[in-house]
Amino acid sequence: EMMVKIGKKCGRNMAAVITNMNIPLGSNVGNALEINEVIDILNNKGDDQLRELCLVLSATILSISYYWNYDEAYKKAEQTIIDGSAYKKFIEFVTAQSGNDEITVAQISEKSLEIKADKDGYIQSIDSRIVGESAVLLGAGREKKTDTIDYGAGIVLYKKTCDKVSVGDTIAILYAENHEKLKNAEELFITSFTIGDNKPETIPLIYKTMR
């Protein structure tokens, strides 16, 4: 509310979309993995939840920038994904920064470790903070500013909050440059998932948009 007020006092048309940060917004965590998720979304595939969030944010930006009706702005944003023009623009951005204009997938680390469900039930919750800290242990982020980043390291989530799981189901795959990092991250990551007997209530993706 404060940021919106500040922007409006500076003569800007402002909006703030309040999203649920108690759940991972996409399925991929890590530099190359998140780029791959971007490519999927721009090709009208990938995580439905993340796709919806991207469209809501895009529609909000378009509606406050051009004073379009929100529903019209949403349809325009969605059409750019459907017709491929959004992906084409992404490739233009990559090319402008001397990147490969034939990019179809970013390379991820060769070493991986599957995380399995240890009991039957429903995913009650996923602690996003622990998932992020696990990604850092894998090398996808820095614990201190002198650390180097492994751009291929990260996590792919195969199960999300409210999903039903059985013993042995793969709930995630961890990626890193060596097995030591995988084991260290595994110990922390498995504490991020809570599995219970009853299916929890559906958690909203977006709580509110303030204008």
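Things worth noting here:
- Accessible surface computed residue by residue for the chain, with neighbouring protein chains in place and a 1.4 Å probe, gives 60 Å² per residue.
- Average Cα contact separation per residue, region 47-101, under 8 Å, 6 or more apart, as relative contact order %: 22 percent
- Selection of GluC sites (Glu not before Pro), region 17-104, meeting DSSP coil and at most 14 other Cβ within 10 Å: 102
- Computed from the C-beta positions of residue 142 and residue 82 and an R0 of 45 Å, the FRET efficiency is 0.75 to the nearest 0.05.
- Counting only protein chain heavy atoms and rolling a 1.4 Å probe, the accessible areas of 94, 131 rank, largest first, as 94, 131.
- Here region 33-87 has 53 percent of its accessible surface on carbon and sulfur atoms, given a 1.4 Å probe and all protein chains in place.
- Region 25-105: translational diffusion in µm²/s, Stokes-Einstein, Kirkwood Rh over Cα pairs, 4 °C, 1.567 mPa s: 97 µm²/s
- Annotation: the chain has a Kirkwood hydrodynamic radius of 19.1 angstrom, from the mean reciprocal C-alpha pair distance.
- Where only DSSP H runs of four or more residues are counted, the chain gives -12500 deg cm²/dmol as its mean residue ellipticity at 222 nm, each run worth -39500 (n - 2.57).
- Cα-based convex hull, region 95-211, per residue volume (Å³, whole number): 174 Å³
- Take every pair of alpha-carbon atoms less than 8 Å apart whose residues are at least six positions apart; their mean separation over the length of the chain yields a relative contact order of 29 percent.
- Among 11, 154, 141, residue whose mean-square fluctuation peaks in a GNM of the chain (springs only between Cα atoms under 10 Å): 11
- Once the Cα-Cα distance is subtracted from the 0.36 nm per residue extended length, the residue 45 to residue 96 segment shows a gain of 15.9 nm.
- Charges were assigned to the Cβ only: +1 to each Lys and Arg, -1 to each Asp and Glu. The resulting dipole of the chain about its Cα centre is roughly 1000 debye.
- Binned Cα-Cα distance frequencies in region 43-89 - 5 Å width, integer %: 5, 25, 28, 26, 13, 3
- Along its principal axes, region 160-211 has C-alpha extents of 46, 34, 14 angstrom, given from the largest down.
- Evaluated over the Cα positions of region 54-161, the convex hull gives a direction-averaged projected area, one quarter of its surface, of 11.0 nm².
- Within region 1-47, trypsin sites (Lys or Arg not before Pro) in DSSP loop having at most 13 other beta-carbon neighbours inside 10 Å: 12, 45
- Comparing 202, 173, 157 along the charge dipole axis of region 134-211, the residue lying farthest to the positive side is 202, per the Cβ-charge model.
- Debye intensity ratio I(q)/I(0), log10, region 11-67, q values 0.14, 0.22, 0.28 Å⁻¹ (C-alpha model): -0.46, -0.91, -1.12
- Angle between the chain longest axis and helix 48-66 axis [Cα atoms, degrees, rounded to 10]: 20 degrees
The values are calculated or read from the model by the stated rules, or taken from the named source; none is laboratory data. Owing to the predicted nature of the structure, the values given are computational and were not obtained by experimental measurement. Cβ sites come from the backbone with ideal geometry, for glycine too, and all protein chains shown count toward neighbours. For accessibility, only protein heavy atoms count, side chains too; no ligands or nucleic acids. Shrake-Rupley method; radii C 1.70, N 1.55, O 1.52, S 1.80 Å.
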